[in-house]
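As structure tokens, the structure follows; a few thoughts come after it.
The values are calculated or read from the model by the stated rules, or taken from the named source; none is laboratory data. In this text, all values refer to a predicted model and were calculated from it rather than measured experimentally. Cβ atoms come from the backbone with ideal geometry, glycine included; neighbour counts cover every protein chain shown.
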Amino acid sequence: MTTLLALDTATEACSVALLHDGKVSSHYEVIPRLHAQKLLPMIQQLLADAGTTLAAVDAIAFGRGPGAFTGVRIAIGVVQGLAFALERPVLPVSNLAVLAQRALREQGVSQVAAAIDARMDEVYWGCYQAVDGEMRLLGNEAVLPPERAVLPEGTSGEWFGAGTGWGYAERIPVALSGQDASLLPHAEDLLTLATFAWHRGEAIAADQAQPVYLRDNVATPKAR
């Protein structure tokens, strides 16, 4: 039976989840700036509580961004370190997709406009639709000003807004059936998406794991 470990540090939330013996367990905390200190102990505790070890893990899934640059780098570093040591593959998952999957799990909504506050007066944006229990991307993910965030062409029906980017709701020209601007990605939903990807054979080698920032200018030089 497959054992998958999932972890996410791309936003203020730090979370880990485990699929082992057909059971899912997880740990989730909102701990800004403490991810680097807390992540490995959280993984160790999760494995111990499930009565297993890292050696039993078949693959490691992670939030590949978009999100906070430092947070995404922490996830990539930890995942690559573990995966290289264990000689296991990895499963990169979009953090916008994770948000949409959490909205599906908690709200039962089948169409989600996921938005993460990207700072610099922009949002990370992606629109997702449920297909057989999996949130799938419609169109492309992007980073853009709130005013330019729109639904993909040809879509209809009700849409739910999920994520901190909806703090700019009054500037986003999209009609919603509901929204939760406090929603953050959760490793439990990352694990769900990673399980679909695993069964499709989409795992990759650890050295191929790349962050997705969506924004080219990841560092703005200081003015002289």
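Scan region 55-98 residue by residue and report those that are surrounded by 24 or more Cβ atoms within 10 Å (Cβ to Cβ) and of a type in the set (Phe, Trp, Tyr).
Within region 55-98, Phe62 is the sole residue that qualifies.
Determine whether region 16-26 contains at least one residue that is in the same structural domain as Glu202 (by TED's automatic domain parsing), at pLDDT 95 or above, part of a helix (DSSP H, G or I) and over 16 Å from the mean Cα position of the chain (by Cα). Steps first, please.
As a first pass, look at region 16-26 and keep what is in the same structural domain as Glu202 (by TED's automatic domain parsing): 16-26.
If we keep only those that are at pLDDT 95 or above too, we end up with 16-26.
Applying the additional criterion that residues be part of a helix (DSSP H, G or I) yields none.
No, the conditions are met nowhere in region 16-26.
Considering only region 124-224, give the strands (runs of 3 or more DSSP E) lying wholly within it that have at least 2 residues that are aliphatic (A, V, I, L, M) and touching a strand residue (DSSP E or B) at 6+ places or on another chain (Cβ under 8 Å). Reasoning before the result, please.
Values: elements: 134-144, 160-162, 178-180.
Per the criteria, 134-144.
Residues are listed down the side, and each one gets a yes or a no for (1) assigned by TED's automatic domain parsing to the domain that holds Ile74; (2) farther than 25 Å from Glu12 by Cα; (3) touching a Ser or Thr at 6+ places or on another chain (Cβ under 8 Å); (4) not hydrophobic (A, V, I, L, M, F, W, C):
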{"position": "Ala113", "(1), (2), (3), (4)": "no, no, no, no"}
{"position": "Glu122", "(1), (2), (3), (4)": "no, no, no, yes"}
{"position": "Val150", "(1), (2), (3), (4)": "no, yes, no, no"}
{"position": "Ser156", "(1), (2), (3), (4)": "no, yes, no, yes"}
{"position": "Gly161", "(1), (2), (3), (4)": "no, no, no, yes"}
{"position": "Ala175", "(1), (2), (3), (4)": "no, yes, no, no"}
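If I filter region 188-209 down to residues being among the polar types (S, T, N, Q) and within 14 Å of the chain's Cα centre (by Cα), which single residue comes out as surrounded by the fewest Cβ atoms within 10 Å (Cβ to Cβ)? Show your work before the answer.
We begin by selecting, within region 188-209, every residue among the polar types (S, T, N, Q); these are 192, 195, 208.
Narrowing further to those that are within 14 Å of the chain's Cα centre (by Cα): 192, 195.
Working: Thr192: 26, Thr195: 19.
In this case the residue turns out to be Thr195.
Determine whether region 52-59 contains at least one residue that is within 19 Å of Gln208 (Cβ to Cβ), in a helix (DSSP H, G or I) and assigned by TED's automatic domain parsing to the domain that holds Ala203.
We begin by selecting, within region 52-59, every residue within 19 Å of Gln208 (Cβ to Cβ); these are 57-59.
Restricting the remaining residues to those that are in a helix (DSSP H, G or I) gives none.
Checked against the condition, which is being within 19 Å of Gln208 (Cβ to Cβ), in a helix (DSSP H, G or I) and assigned by TED's automatic domain parsing to the domain that holds Ala203, region 52-59 yields no hits at all.
Could you look through region 28-60, keep only residues that are touching an Asp or Glu at 6+ places or on another chain (Cβ under 9 Å) and in contact (Cβ under 8 Å) with a residue 60 or more places away in the chain, and pick out the one that is nearest to Leu82 (Cα to Cα)?
Tyr28
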